[in-house]
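Student: Dumping the structure here so I can ask a few things about it.
Derivation of every value follows stated rules applied to the coordinates shown; laboratory data play no part. A quick note: this is a predicted structure, and the numbers were derived from the prediction, not measured. Methodologically, a virtual Cβ is constructed for each residue, glycine included, from the backbone with ideal geometry; neighbour enumeration extends over all protein chains shown.
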Amino acid sequence: MDAQTLIRQYRAGRVDFSQARLNDINLRGQDLIGISFKQSTLCGANLVLAFLNRSNFRGADLSKATLQGANLSQANLSGANLQRSDLHGAILMGATLTGANLNISNLVDTNLLNADLRGATLDRAILRGSCLRGANLREERVGQSYRITSLRGADLRGVDFLGANLSGVDLSEASLQGANLRETNLRKANLSQANLEGANLTGTILSDANLQGIMAAKSQWKNAKLERTNFIGSCLDNSSFYQANLSQAKLQNASLIQVNFDKARLNKADLGRANLSGATLQEALLIEAYLGRTDLTDVILCNANLANAEMSSAILMDTDLRGATLPDGSTQP
């Protein structure tokens, strides 16, 4: 079917074009609101600036399609193949993309506000400057197993994830420099080897998450929930964990130079061989924390609680412990 025939039939009242073969069709700028391309083939189609609100692309093949600036708000793209597609500047507010394949796709400046991306794959996709506020990317139980949304190696620099549900998501090796992850749910997420330099994770839930080997200098983690989180070997220099909960967190061999841990909870945290030189931990809780060979040079621990902490081999050069509760329960004058 060619473009003119499809447009003529649509204007005559037909909306169901399911299972149609429409490879390389040119529907640029067309008003096709509510149309159904369920399980249709639209490889390489030109849908630039098309109006596709509330359209149905369930199970459709849109690989290598061009959808720049297209309006797909509230569209159903569940199970669709959008690999290597170009969605630069497209509007996908409230769209359903569950199980969709968006690998290596271009989603720069795309609006995915409140979109449902559960189980979608976006490996090596480019999402710079996109909005994913309120989006749902959490892992989903399917039978006895879980279907995980994958953004492995994706370019997410400057993306706005405010309030999004990313629990269980695979963000390993992703580029998240300057991203807004405030108040997001990243519980049990995998961010190993990701770059989070300058990212904002204020109030974020990251309990049981894997952040091993991340680069996150100058990042913000104020009031974040980081219980049992894995930060082994990570670089978090000049970051702020003010009032964050890092109970039982794994911070072995991490670089924590000049980090702000004031009023943070680090009870039973493992800081073995970590470098905290120049850090501040005023009024922090480090009850039963492990500080074996931890570098505490020039660290401020005023009024911190170190009761039952293991720090017999810690490096304490010019460490300020005034008013701190020491491992034996005594108080430093």
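Student: Two decimals, Cα atoms only, Kirkwood Rh: what is Rg/Rh over region 1-42?
Tutor: Looking at region 1-42, the ratio lands at 0.90.
Student: Right, next: Output the antiparallel fraction of DSSP beta bridges having both residues in the chain, as a percent to the nearest 5.
Tutor: DSSP beta bridges in the chain are roughly 5 percent antiparallel.
Student: So for region 254-310, Kirkwood radius off the Cα pairs, Stokes-Einstein at 4 °C and 1.567 mPa s: how many µm² s⁻¹?
Tutor: D = 121 µm²/s.
Student: Another question about this same structure. If a/c stays under 1.5 just call it rounded; otherwise compare a/b with b/c (prolate if a/b is bigger, oblate if not). Do that for region 88-140, with a ≥ b ≥ c from the square roots of the Cα gyration tensor eigenvalues.
Tutor: oblate
Student: Out of Ile7, Thr66, Gly89, whose Cα points farthest toward the positive end of the dipole of the chain (charges: +1 Lys, Arg; -1 Asp, Glu; placed on Cβ)?
Tutor: Of Ile7, Thr66, Gly89, it is Ile7.
Student: Identify the residues of region 199-220 with backbone N under 14 Å of a label point that sits 7 angstrom from the Cα of Gln258 along the Cα-to-Cβ direction, or state none.
Tutor: 217-219
Student: Tell me, what is the Rg over Rh of region 24-91, with Rh the Kirkwood radius over Cα pairs?
Tutor: Result: Rg/Rh = 0.90.
Student: Moving on. What Kirkwood radius, in Å to one decimal, follows from the Cα pairs of region 120-276?
Tutor: Across region 120-276, the inverse of the average 1/r is 15.1 Å.
Student: Another question, then. Could you count how many Lys pairs in the chain have their Cα atoms under 15 Å apart, skipping same-chain pairs fewer than 8 positions apart?
Tutor: Eligible lysine pairs with Cα atoms under 15 Å apart amount to 7.
Student: With the dipole of the chain worked out from charges on the C-beta (+1 for Lys and Arg, -1 for Asp and Glu) around the Cα centre, which of Thr294, Ser78, Asn101 lies farthest toward the positive end?
Tutor: Toward the positive end, the furthest listed residue is Ser78.
Student: Could you give the size of the charge dipole of region 160-308 about its Cα centre, using +1 on the Cβ of each K and R and -1 on the Cβ of each D and E, expressed in debye and rounded to the nearest 20?
Tutor: The calculation lands at about 260 debye.
Student: Given only helices, namely DSSP H runs of n ≥ 4 each adding -39500 (n - 2.57), what is the per-residue ellipticity at 222 nm of the chain, to the nearest 500 deg cm²/dmol?
Tutor: About -1000 deg cm²/dmol.
Student: Okay, moving on. List, largest first, the extents of the alpha carbons of region 294-333 along their principal axes, each in whole Å.
Tutor: Result, largest extent first: 21, 18, 11 Å.
Student: Now a separate question. In region 210-235, whose amide N lies under 19 Å from the spot 7 Å out along Cα-to-Cβ of Arg293? List them in ranges.
Tutor: Only 213, 231-235 pass the distance filter.
Student: What ³J(HN,Hα) values, in whole Hz, does the Karplus curve 6.51 cos²θ - 1.76 cosθ + 1.60 give for region 66-82 when θ = phi - 60°, with x put for Gly and Pro?
Tutor: Rounded to whole hertz, the list is 10, 10, 4, x, 5, 9, 10, 4, 6, 6, 9, 10, 5, x, 6, 9, 10.
Student: Could you compute the net charge surrounding Leu236? Neighbours are other residues with a C-beta less than 11 Å from the C-beta of Leu236; K and R count +1, D and E count -1.
Tutor: Spelling it out: positives minus negatives among the neighbours equals -1.
Student: At 20 °C and a viscosity of 1.002 mPa s, what translational diffusion coefficient does Stokes-Einstein give for region 124-195, taking Rh as the Kirkwood radius over Cα pairs? Give it in µm²/s as a whole number.
Tutor: Here the translational diffusion coefficient equals 179 µm²/s.
Student: Taking only the Cα atoms of the chain, how large is their convex hull per residue, in Å³?
Tutor: Residue-normalised Cα hull volume stands at 92 Å³.
Student: Sticking with this structure for a sec: Give me the net charge for the shell around Thr202: Cβ to Cβ below 12 angstrom, other residues only, Lys and Arg +1, Asp and Glu -1.
Tutor: With Lys, Arg at +1 and Asp, Glu at -1, the net is +2.
Student: I want the antiparallel fraction of DSSP beta bridges within region 119-260, as a percent rounded to 5.
Tutor: Given both bridge residues lie in region 119-260, the antiparallel proportion sits at roughly 10 percent.
Student: Computed on alpha carbon atoms, what radius of gyration and Dmax characterise region 11-129, expressed in Å?
Tutor: 12.5, 41
Student: Right, here's the next one. Work out, step by step, the length gained on full extension between Gln19 and Ala3: first 0.36 nm times the residue separation, then minus their alpha carbon distance; give nm to one decimal.
Tutor: Stretched out fully, the Gln19 to Ala3 stretch lengthens by 4.2 nm.
Student: Could I ask something else about it? Net charge around Asn76, counting only other residues with Cβ within less than 14 Å of its Cβ (Lys, Arg = +1; Asp, Glu = -1)?
Tutor: Here the charged neighbours net out to +2.
Student: Separate question: Considering the dipole of the chain built from charges on the beta carbon (Lys and Arg +1, Asp and Glu -1) around the Cα centre, which of Cys131, Trp221, Leu256 is farthest to its positive end?
Tutor: Cys131
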